[in-house]
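Heads up: the structure comes next, in structure tokens.
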Amino acid sequence: MTKNIHNAEDFRVFSLSIELLTTFYGLFMVIWGFSISLISGSSSITSLIPAFIGGPLALIGFISMIKPVYRKALMHIAVVIGIIAFFGGLDFFRSMFTNLYAGLSKLMLMITGFVYVYFCVQSFIFVRQQKKQKSN
């Protein structure tokens, strides 16, 4: 088992590490995708798009927690997935609420994708500042 390199000075969002936040965000999106599909009675695979985005995020967050050695690379991949979620959600402005459930999913992707990417960028800035302080 690898040594945990987390310490008290790690970046936190609502007292969660960015890896745990990524895991929870991914699980939220998976649950959202399946719930919206069931509630709307949709037989279209596009209603599961949030789940397709959330699944890899949950996996990346989980792997980052158990294998901290890969954390840097995995969290960079996670932020790219978050950007994809945000840009996918921008489609909301094209069709707004022609389909209520699709509109809600797009709006959710846009808002949560933006917030998630914001927290990731803040985490990257925090880590860079920590490294700078340690080298001085």
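Some points to look at:
- Subset of the range 14-36 that is more than 12 Å from Gly54 (Cβ to Cβ), out of contact with any Ser or Thr (no Cβ under 8 Å at 6 or more places or on another chain) and surrounded by 18 or more Cβ atoms within 10 Å (Cβ to Cβ) - its residue that is modelled with the highest pLDDT: Leu21
- The residue pairs whose first member lies in the range 91-104 and is hydrophobic (A, V, I, L, M, F, W, C), whose second member is open to solvent by less than 40 Å² (accessible area, probe 1.4 Å) and at pLDDT below 85, and whose beta carbons are closer than 8 Å, counting only pairs six or more residues apart or on different chains, are Ala102/Ser95.
- Boolean, Phe124 is farther than 29 Å from Ser37 by Cα, in a helix (DSSP H, G or I) and open to solvent by 40 Å² or more (accessible area, probe 1.4 Å): yes
- Tally of residues being closer than 25 Å to Lys106 by Cα and open to solvent by less than 60 Å² (accessible area, probe 1.4 Å) across the range 42-73: 14
The values are calculated or read from the model by the stated rules, or taken from the named source; none is laboratory data. These figures come from a predicted structure and were not determined experimentally. Every residue, glycine among them, receives a Cβ derived from its backbone with ideal geometry; neighbour counts consider all protein chains shown. Note: accessible area is taken over every heavy atom of the protein model, side chains too, but ligands, DNA and RNA are not part of it. Shrake-Rupley method; radii C 1.70, N 1.55, O 1.52, S 1.80 Å.
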